Amino acid sequence: AQVQDHDPKAHKTSHENGGGDEISVAGLSGELADGQKVKLDHINKTHLSQDFGASATRLRNIIATPIAGEIMRIMNIKSGSPFSAKINGNPTATSVVYDGDSNEGMFDGLYSGADYWGRIILHNITRGNSRKIVDVDVATKTITTESSTDDWADNDDITVQSQTNTYSGFFDVDVSDQVPATTEAIYLFVASDDQSDTYSNQRAVYFHPYETYDAGKRQWVSPKSPLQSDTVLLLIKIIDQKFTAMFWSGCTDVSLVTAVKASVEYADT
């Protein structure tokens, strides 16, 4: 279920306040930092559930652990579709140069020179394997990846289109750097800022578990009017330390911040 965490008074744009500039995603991340000061680990772990009833089943205890920092920040989404291309030349262990690309606009401001710990996964559909993206320079068409010993080669087809959730447009986000393998879900904080003066209900970012698409599991963030921001707190099931996301077709002139408020483990004993 999608949990709204939106205070319109707290997110007035500078247009409403008489200024000429749009609200910045940096301002929203300050809000996130304040929110992270709240302790989420309030469960008394010494009093976990006892056997219950004739079936001796146990109630499950939710243990939430805060995680600091941002998964990723995209300063101005330019495309509603995932990136695809062909490798140009022989890649190194940590670098891939591409050409023949489509929709590289999704990388615009993706990392912004900062160290965000979420990793979008780049799939090689020619070889059937993948790498995690560290940075992208669209000017030189160079993707920096985590070190790999794979067999990638010139003219291979690469894409960020999810190979697990094959519904068009979804891409995979690896959160294994900060999210333990025992994590069953995360509370994902998402702040979205609409920088266009024309409203579109397709200017939304979707989130889904890392599995085959099910419309009932889709959650999203979408400002409800032009030049406005929206924040949500989503409970996302984590599978293989990943989730998937998608920029909907109208996603241009939108900025995005994502961060984990807490990872969630269920304790039975």
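The values are calculated or read from the model by the stated rules, or taken from the named source; none is laboratory data. The shown structure was predicted, so the numbers you read here are calculated from the model rather than taken from an experiment. Cβ sites come from the backbone with ideal geometry, for glycine too, and all protein chains shown count toward neighbours. Remember, those area values only see protein heavy atoms, side chains included, never the ligands or the DNA or RNA. Shrake-Rupley method; radii C 1.70, N 1.55, O 1.52, S 1.80 Å.
So here's what we get for this one:
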item: Inter-site label distance for SER168 and GLU146 at 7 Å from Cα along Cβ, in nm; result: 3.1
item: Calculated from backbone phi, Karplus (6.51, -1.76, 1.60) coupling profile of the stretch 208-217 in Hz, x at Gly/Pro; result: 8, x, 7, 6, 4, 4, 9, 4, x, 9
item: Accessible surface, per residue, of the stretch 112-228 when the full set of protein chains is kept, probe 1.4 Å, Å²; result: 43
item: Amide H contacts of ASP108 (H built 1.01 Å from N, under 5 Å, at least 5 apart or other chain); result: LYS78
item: Förster-model FRET efficiency, 25 Å R0, THR212 and SER249, C-beta, rounded to 0.05; result: 0.75
item: Under-5 Å amide H pairs with VAL134, H placed in peptide plane, nonlocal only; result: THR144, THR145, GLU146
item: Estimated distance in nm for a label pair at LYS224 and ALA68, the labels positioned 7 Å out from Cα along Cα-to-Cβ; result: 3.5
item: FRET efficiency, 1/(1 + (r/R0)^6) with R0 45 Å, evaluated for ASP108 and LEU235 via beta carbons; result: 0.95
item: FRET E, pair GLU265, ASP101, Förster distance 41 Å, beta-carbon r, rounded to 0.05; result: 0.55
item: Distance between modelled label sites at ASN76 and GLU184, nm, 7 Å Cα→Cβ extension; result: 4.4
item: Charge-dipole axis of the stretch 83-200 as Lys and Arg at +1 and Asp and Glu at -1 on Cβ define it, positive-most pick from ALA85, ILE120, TRP152; result: TRP152
